[in-house]
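Every read-out reported here was derived from the displayed coordinates using simple, explicitly stated rules and does not represent laboratory data. Since the model is a prediction, treat every value here as computed from it, not as a measurement. Heads up, the Cβs are rebuilt from the backbone with ideal geometry, glycines too, and the neighbour counts pull from every protein chain shown.
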């Protein structure tokens, strides 16, 4: 199977978004903050990784980050990565330091869950990706469910807009690089 990015010129954009129920710099988050640069560094060195937060201008948030959150000065975690394909990001997300961060969040309940999607994926080019686009895509996933324009890993779409089945052999190759 040809690499999806190489065949189309598009990359898989992933934007994550979370709001903590804790204020910025709360003592409970002291375990969280050191994980941020570790996860970003691991992503940059991961096979299949494209770029992290290219020059996107001023960060904006989706509508889920409302005046209440700003007034309470709650911690927000929001990143935007580009990957070569779905299997690369799946392997990274559920292995190594990122998996440790996910497990630590589950154990410590740093971030509010289930009120909106924690992430959104979509196919794009580097010159089209932006914080605004990511916010629109996350809101679209929340409003419409998984579509070719904005999807999750439970119902992914290929770069051509059709339903996508994970290439298990490719996923295994990526996972082995984290062993």
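Summary table below
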quantity	calculated
Equivalent ellipsoid, the chain (semi-axes from 5 times Cα gyration tensor eigenvalues, Å)	26, 20, 14
Nearest-ten-degree value, helix 35-44 long axis tilted from longest Cα axis of the chain	20 degrees
Alpha carbon centroid spacing (whole Å) that separates segment 99-163 from segment 77-95	11 Å
Separation of the residue 28 and residue 52 label points, Cα + 7 Å toward Cβ, nm	2.6 nm
Stretchable slack from residue 142 to residue 66, in nm (0.36 nm times residue separation minus alpha-carbon distance)	25.8 nm
Label-point gap, in nm, between residue 38 and residue 169 - each point 7 angstrom along Cα→Cβ	3.5 nm
Spacing of the two label points (7 Å from each Cα toward its C-beta) at residue 109 and residue 149, in nm	3.7 nm
Principal-axis tilt of helix 131-144 within the chain, Cα atoms, nearest 10 degrees	90 degrees
For the chain, calculated [θ]222 nm from helices alone, where every DSSP H run of n ≥ 4 adds -39500 (n - 2.57)	-10500 deg cm²/dmol
